[in-house]
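S.K.: Pasting a structure below so you can have a look.
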Amino acid sequence: MKSVAAIACALAAFGAAGEERIADIRQGTNLAVALSPDGRTLVVDLIGQLWTLPAAGGGAVPVTSPGEQARQPRFSPDGTRVVYQRLRDGQWDVWLLDLANGEQEALATSPYDEREPEFAPDGLSVVFAAERPGRTSLWSITLDGRVETELTHESGTASFPTFSEHGLLAYLLSDGNAWWLNVRTSGGSTTTVHSSTRRLSPPSWRPGGGVLVFGEQDSAVSSQLRMLLLAEPRVLKALSVAEDLFASRPVWVSGAELIYAADGQLWRRGLATPTREPIHLFAASAVEVTAAPTDLPPFDDREQRPALGVNALVRSPDGRRAVFTALGDVWLFERGTAERLTDDVFVDLDPAFWPDGESIVFASERTGQLELWRLALRDRRFTQLTFGALQPHRPAIRPDGRRLAYLATASLEPWAATTVEVLDLPGGSSITRATGVVDGEALSWSEDGRALRLRARAAALHDGDPPLSLATPTASPARAEETASPAATVRWAPPAAPPAYVVEIGRLFDGTRATYRRHVDLHVRDGRIAAVVSRGALPPPGPVIDAREATVIPGFVDVHAHLSSLVGERLGRTLLAYGVTTVRDIAARPTESLERAEAWASGRTPGPRLVITAAHGDQPPPASTSAPIRPYRGIANGFAHSLRDQAVQIGVPRLDDYPARLGSGLPRWSNELELSPGLVVYQDGFSRFVTSGTTLVAGLAALAGVNRSPRPVQDAAYRALFTSVERASWERPDGLAEVLPPLEQTIARLARAGGRVAIGSDAPAVPYGLGVHLELALLADAGIPNDHVLRMATIEGALALGLEGELGTLEEGKLADFVVLDGDPLADVAATLKIVAVIKGGIWYDRGALLASP
């Protein structure tokens with residue numbers, strides 16, 4: 001049998017990055033449809049483009065370019081043009097398309113979103129939903145002169161206007177959980193014809209008027225098509241039950257038959273018939289192969305190298321000295337030489353000079369938790385400044401040295417809101433000057449010390465002394481290579497390889513097959529696997545470790561996590577304690593992640609090996625580092641991010657409450673999986689995903705939360721490694737339980753279709769390390785076989801990172817990364833929590849030692 005690495009190399013040779021392949025498209029997720037006035041042609045939005053096809057079905061022909069995100073088409077009354085919404089630079093605008101010559105023309109392009117356009121019956125104007133400060137209302141714009149007029153003024157969100165042939169305008173209005181179907185006359189009077197506490201789908205007028213067809217939610221993930229007769233009394237009739245209705249307006253073939261989009265395709269349905277008939281479409285779409293990078297440096301290069309993880313470099317008031325952090329410690333740069341001011345396993349952050357330049361203030365966990373400290377540079381005397389502060393960081397000293405401002409937070413989440421605190425010195429009390437700080441980068445005092453300035457994306461400023469002003473960040477933090485010159489003399493090297501040894505194993509899951517290898521010896525030499533052989537087949541090169549009653553599996557790979565320096569030294573121990581030996585860090589501050597990677601790789605503190613992706617856009621990799629910075633476009637961000645983003649950008653699914661732990665704002669690569677209102681991905685998404693070679697990071701655990709996951713949280717390590725405050729933040733209830741079953745089914749379907757799925761915890765949305773095991777449990781709960789789930793956590797992650805030649809399976813020549821378990825994970829995936837020891841690069845860590853504080 002070929003190894004997984006050999007197979008992966010063959011696949012990589014077949015499709016290199018930048019190559020395009022053709023995906024076959026037979027279904028659509030979130031289709032919208034328009035029917036030409038002559039009833040012969042359909043226009044649909046499919047995978048972000050507009051396509052035409054015969055009304056009876058058939059081959060689809062694109063009429064807009066790929067990549068521009070064109071949606072919600074509607075025909076003009078004369079059938080020559082289509083109006084639609086187009087996404088450009090993160091904003092929806094209204095555009096016109098001339099079907100005869102293919103010319104596109106912007107119609108409504110204010111600084112706000114304009115969506116869901118509809119031609120007026122006379123074809124002289126277009127009505128659309130427009131976001132304006134305070135509400136989203138309906139507006140009209142004339143095609144001749146571009147005169148805009150606001151039509152509705154209700155509070156809430158107006159959407160999906162649709163005209164009857166007699167000029168009546170039906171539309172949806174929503175406000176929280178309240179939904180209304182309204183009808184507006186040409187004179188401007190508005191009547192609510194239906195209301196509901198369940199989500200409504202867009203309406204459509206039957207020819208002749210007097211009848212509206214629309215959708216209404218009948219469960220968390222399905223809706224029914226309903227018909228409303230506007231007689232006296234009104235009559236409401238269900239036309240269907242439990243369909244995944246898309247957010248698009250039905251179109252009418254005749255007064256008795258309509259076409260609508262649901263369950264992945266177009267359907268014809270008669271008002272008097274209980275069944276529906278599919279309208280088949282066939283399309284082809286070019287997708288780019290998203291191969292992982294192949295230029296990654298080896299992880300076991302033991303040569304000495306300069307430190308690239310240089311952070312928080314600030315100069316003294318006289319400009320002669322500088323302080324910074326590297327390798328987890330504070331350094332002083334003076335006269336061309338860097339001197340280590342702190343030298344211990346604890347993490348130090350954010351040094352700043354005292355106004356006199358003779359001492360510095362910084363954050364350190366030297367007492368077991370982060371506090372602010374002052375260090376006198378002459379006699380190296382430490383003075384603790386805060387006591388019991390909530391993870392203080394980013395300190396700033398007033399010019400007279402009498403007040404200290406800093407950021408504080410009780411959360412481990414890098415994106416969590418923080419507060420601004422001001423402390424009177426010496427020994428005074430602190431006051432809160434701002435709350436809800438988002439992406440706080442720095443605090444600074446005015447020259448006279450009377451005012452304080454905060455650089456952050458958002459904050460709620462409090463009245464009081466000192467006055468506080470907010471400045472929006474203008475640029476991303478400096479990269480390591482821009483600040484590394486003062487640290488040129490800071491060098492580090494990985495530790496020497498451990499002595500050779502042999503592990504006698506009872507059950508070995510090597511990741512290349514679905515079953516165990518029994519009674520084998522695993523030889524480790526120079527931090528790599530030298531051999532995997534039958535018991536006693538080779539003489540031992542060193543000590544023999546008895547694991548004859550244990551199971552050994554490859555080390556886990558977490559391909560999507562957000563590591564935070566606020567966790568301190570225990571972060572690396574925590575990840576290893578849960579068997580995670582490789583992590584891709586989605587880093588808000590890449591140089592901080594580089595520093596962490598180098599501290600762990602140097603052996604000063606235990607921790608997994610790191611690969612880094614900049615969270616706020618691409619950054620070129622430094623010239624030489626064991627923790628490369630790469631964008632990894634071949635890894636989708638996962639549902640924990642895309643659910644929120646799709647609700648904003650696409651309008652579905654419209655979940656009412658997103659927990660604070662769900663992130664957003666990460667770069668959205670071209671092959672993210674788009675979800676329908678029923679939280680389903682159809683064949684168009686699967687085909688493009690599989691063809692491109694993209695890897696899905698499901699993010700189920702981040703959605704489920706600790707309480708909802710099938711894995712119990714009474715794990716001993718969980719309580720040993722995390723504080724009660726941290727545990728309480730993860731154990732808070734939320735309302736996303738209903739979304740899990742359809743998402744689990746979607747992931748299982750993707751896996752059966754040959755799609756690639758890897759484990760990404762999205763920690764700290766869930767606990768570091770433990771989140772990987774919660775994800776394993778949820779994937780097994782989805783019906784995916786345990787051996788496949790284990791491969792998702794090991795070799796699939798390695799493949800996604802381009803590291804399949806180095807790790808992910810237990811084969812000769814690979815890095816010795818593995819986990820020793822007291823259980824059988826192929827019988828019960830929960831056994832992955834029964835960890836005895838974790839080995840990274842051949843270094844053996846007993847779990848008990850990892851759980852103990854230094």
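The values are calculated or read from the model by the stated rules, or taken from the named source; none is laboratory data. Just so it is clear, the structure is predicted and the values come from calculations on it, not from any experiment. Because the Cβ atoms are built from the backbone with ideal geometry, glycine has one as well, and the counts that use them run over all protein chains shown. The accessibility values were calculated without ligands, DNA or RNA, using every heavy atom of the protein model including side chains. Shrake-Rupley method; radii C 1.70, N 1.55, O 1.52, S 1.80 Å.
S.K.: Using +1 at the Cβ of each Lys and Arg and -1 at the Cβ of each Asp and Glu in the chain, identify which of 156, 178, 750 lies farthest towards the dipole's positive end.
M.R.: 750
S.K.: Which whole-angstrom value gives the distance between the alpha carbon centres of the range 796-827 and the range 548-564?
M.R.: If you average the Cα positions of each part, the centres end up 8 Å apart.
S.K.: Considering amide H positions built from the backbone, and no H for Pro or chain starts, which residues 5 or more places from residue 296, or on another chain, come under 5 Å of its amide H?
M.R.: none
S.K.: Let me see the P(r) profile for the range 183-223: every Cα-Cα distance counted, bins of 5 Å, each bin given as a percent of all pairs.
M.R.: 6, 18, 23, 25, 15, 9, 4, 1
S.K.: About the Cα centre, and with charges only on the beta carbon of Lys, Arg (+1) and Asp, Glu (-1), how big is the dipole of the range 322-381? Nearest 20 debye, please.
M.R.: 140 debye
S.K.: Another question, if that's okay. Report the gain in length on full extension from residue 241 to residue 500: 0.36 nm times residue separation, minus Cα-Cα distance, nm rounded to one decimal.
M.R.: On the way: separation 259, 0.36 × 259 = 93.24 nm, distance 6.53 nm.
Length gained between residue 241 and residue 500: 86.7 nm.
S.K.: Rounded to the nearest 500, what is the chain's calculated 222 nm mean residue ellipticity when only DSSP H runs of at least 4 contribute -39500 (n - 2.57) each, over all residues? Intermediate values should be presented prior to the final figure.
M.R.: Numbers: 14 runs with 122 residues, N = 854.
It comes out at -4000 deg cm²/dmol, rounded to the nearest 500.
S.K.: May I pose another question? When the accessible area of the range 291-428 is split by element with a 1.4 Å probe, what percent falls to carbon and sulfur?
M.R.: Whole-percent figure for carbon plus sulfur exposure: 48.
S.K.: Taking a temperature of 37 °C and a viscosity of 0.692 mPa s, what whole-number D in µm²/s does Stokes-Einstein yield for the range 714-770 with Rh from Kirkwood over alpha carbon pairs?
M.R.: 239 µm²/s
S.K.: At a 1.4 Å probe radius, carbon and sulfur cover how many percent of the accessible area of the range 745-854?
M.R.: Exposed carbon and sulfur together represent 47 percent of the surface.
S.K.: With Cβ to Cβ distances under 15 Å as the rule, what net charge do the other residues near residue 547 carry (K, R +1; D, E -1)?
M.R.: Local net charge: -1.
S.K.: Quick one: Kirkwood hydrodynamic radius for the range 128-185, alpha-carbon pairs, angstrom, one decimal?
M.R.: One over the average 1/r among Cα pairs gives 11.9 Å for the range 128-185.
S.K.: Using the beta-carbon distance between residue 149 and residue 402 and R0 = 51 Å, what value does 1/(1 + (r/R0)^6) give for FRET efficiency, to the nearest 0.05?
M.R.: 0.30
S.K.: Given a Förster distance of 51 angstrom, what is the FRET efficiency for residue 344 paired with residue 100, based on the Cβ-Cβ distance and rounded to 0.05? Display every interim value, and only then the final one.
M.R.: Values: r = 74 Å, r/R0 = 1.45.
Plugging the Cβ-Cβ distance into 1/(1 + (r/R0)^6) gives 0.10.
S.K.: To continue, here is another question. Rounded to the nearest 0.05, what FRET efficiency is calculated for residue 546 and residue 827 with R0 set to 25 Å and r the Cβ-Cβ distance?
M.R.: 0.70
S.K.: What's the local net charge at residue 634, with K and R +1, D and E -1, over the other residues with C-beta under 11 Å away?
M.R.: Spelling it out: positives minus negatives among the neighbours equals +2.
S.K.: Only Lys, Arg, Asp and Glu count, each charged at its Cβ (+1, +1, -1, -1), so figure out the dipole size of the chain about its Cα centre, rounded to 20 debye.
M.R.: Computed charge dipole of the chain: roughly 920 debye.
S.K.: If you don't mind, another one. Which residue, chosen from 458, 125, 410, occupies the Cα position most advanced towards the positive end of the dipole of the chain, where the dipole is computed from +1 (Lys, Arg) and -1 (Asp, Glu) charges on Cβ about the Cα centre?
M.R.: Sorting the options by dipole projection puts first 410.
S.K.: Please sort 363-370, 576-583, 147-154 by packing, taking for each peptide the average over its residues of neighbouring beta carbons within 10 angstrom, highest first.
M.R.: Result, highest mean first: 576-583, 363-370, 147-154.
S.K.: Rounded to the nearest whole Å², what accessible area per residue is found for the chain with the 1.4 Å probe?
M.R.: For the chain, the per-residue accessible area is 38 Å².
S.K.: What's the angle, to the nearest 10 degrees (0 to 90), between helix 4-14's Cα axis and the longest principal axis of the chain?
M.R.: On a 0 to 90 degree scale, this one is about 50.
S.K.: Provide the gained length on full extension for the span residue 301 to residue 376, in nm with one decimal, where the gain is 0.36 nm per separating residue minus the Cα-Cα distance.
M.R.: My answer for the length gained is 23.2 nm.
S.K.: Once you keep just the Cα pairs under 8 angstrom separated by 6 or more residues, what percentage relative contact order results for the range 28-74?
M.R.: On the way: 96 pairs, mean separation 16.7, N = 47.
After rounding, I find 36 percent.
S.K.: Sorting check: for 538-549, 94-105, which peptide has the highest mean count of neighbouring beta carbons within 10 Å, and how do the rest follow? Each step should come with its number before you reach the end.
M.R.: Values: 538-549: 13.0, 94-105: 15.3.
Order by mean packing, descending: 94-105, 538-549.
S.K.: Quick check for me: using +1 on Lys/Arg Cβ and -1 on Asp/Glu Cβ, what's the dipole size of the range 339-444 about its Cα centre, in debye to the nearest 20?
M.R.: 320 debye
S.K.: Convert 37 °C to kelvin, take the viscosity as 0.692 mPa s, use the Kirkwood radius over C-alpha pairs of the chain as Rh, and evaluate the Stokes-Einstein diffusion coefficient in µm²/s, rounded to a whole number.
M.R.: Details: Rh = 29.5 Å.
It comes out at roughly 111 µm²/s.
S.K.: Pick out, from 543, 686, 363, the residue whose Cα sits farthest towards the positive end of the charge dipole of the chain, with +1 on the Cβ of Lys and Arg and -1 on the Cβ of Asp and Glu.
M.R.: Of the candidates, 543 comes out farthest on the positive side.
S.K.: What's the ranking of 818-828, 459-469, 232-242 by average number of surrounding C-beta atoms within 10 Å, highest first?
M.R.: Sorting 818-828, 459-469, 232-242 by mean packing, highest first, produces 818-828, 459-469, 232-242.
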